[in-house]
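Here is the structure we will look at.
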């Protein structure tokens, strides 16, 4: 049952929301614009605020739904929810519907972790917001927020399975941001508010 739960969570996470939303707003293939990913930040830079908000909310919702579905299939134990969360994020990052390309797992991870460990996840949101507001680097805020969740889970006494799941999600998010990390170190990372036409396409 756990394999079926993971597969279901992966498929839900793999639904390419940003790609579909961008197409609805006239962008044939968002992967050919901006950063080349299908996340809300690239949708914002490429298609505008409304499509970005729709993408963000839908990605969070599908992450939560993926974890809920995994629990419905194999039980609501922390281990099942953790597997569902990791599978959903993997689906978002390496979508079977897009040739195993996709987003960076942040919004989908947020939704999945809200089901797995809501308090630790909510506690990480102010970190994300403060970093983004003060630096205008969404990537840096995402990295800091993702890193906070597993440590918050540890501090709150979450189960080993839940903590392991949070660490795995954070690791995927960091892995998917390797190019952003390189640009942050080089001082060339794009700040929030720049349009795709202004930004490098690397």
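Helix 78-93 versus the longest principal axis of the chain: what angle, 0 to 90°, nearest 10, using Cα atoms?
20 degrees
Please build a GNM for the chain, connecting alpha carbons under 10 Å apart, and tell me which residue among 58, 155, 90 fluctuates the most.
155
How would you classify the stretch 73-176 from its alpha-carbon gyration tensor, with a ≥ b ≥ c the square roots of the eigenvalues: rounded for a/c under 1.5, else prolate if a/b is greater than b/c, otherwise oblate?
Details: a/c = 2.26, a/b = 1.08, b/c = 2.09.
Oblate.
Of the residues 164, 182, 88, which exhibits the maximal mean-square fluctuation in a Gaussian network model of the chain defined by a 10 Å Cα contact cut-off?
Between 164, 182, 88, it is 182 that shows the largest mean-square fluctuation.
Nearest 10 degrees is fine. How inclined is helix 49-74 to the longest principal axis of the chain, computing both from alpha carbons?
That works out to roughly 20 degrees.
Looking at the chain as a GNM with Cα springs under 10 Å, which of 44, 113, 129 has the largest mean-square fluctuation?
Ranking 44, 113, 129 by mean-square fluctuation puts 129 first.
Direction-averaged shadow area of the convex hull around the Cα atoms of the chain, nm²?
10.2 nm²
Provide, in order from the shortest bin, the percent of all Cα-Cα pairs of the stretch 107-156 in each 5 Å bin, continuing until the bin that contains the maximum pair distance.
With a bin width of 5 Å, the distribution comes to 5, 25, 32, 22, 12, 4.
Below 8 Å, C-alpha to C-alpha, sequence gap of six or more: please give me the relative contact order for the stretch 2-193 in percent. Show your work: numbers first, answer last.
Details: 352 pairs, mean separation 41.2, N = 192.
Relative contact order comes out at 21 percent.
Helix 2-14 against the longest principal axis of the chain: what's the angle in degrees, Cα atoms only, rounded to the nearest 10?
20 degrees
Any read-out appearing in this document is the output of simple, stated calculations on the displayed coordinates, not a laboratory observation. Just so we're clear, the structure is a prediction, and the values are computed from it rather than from any experiment.
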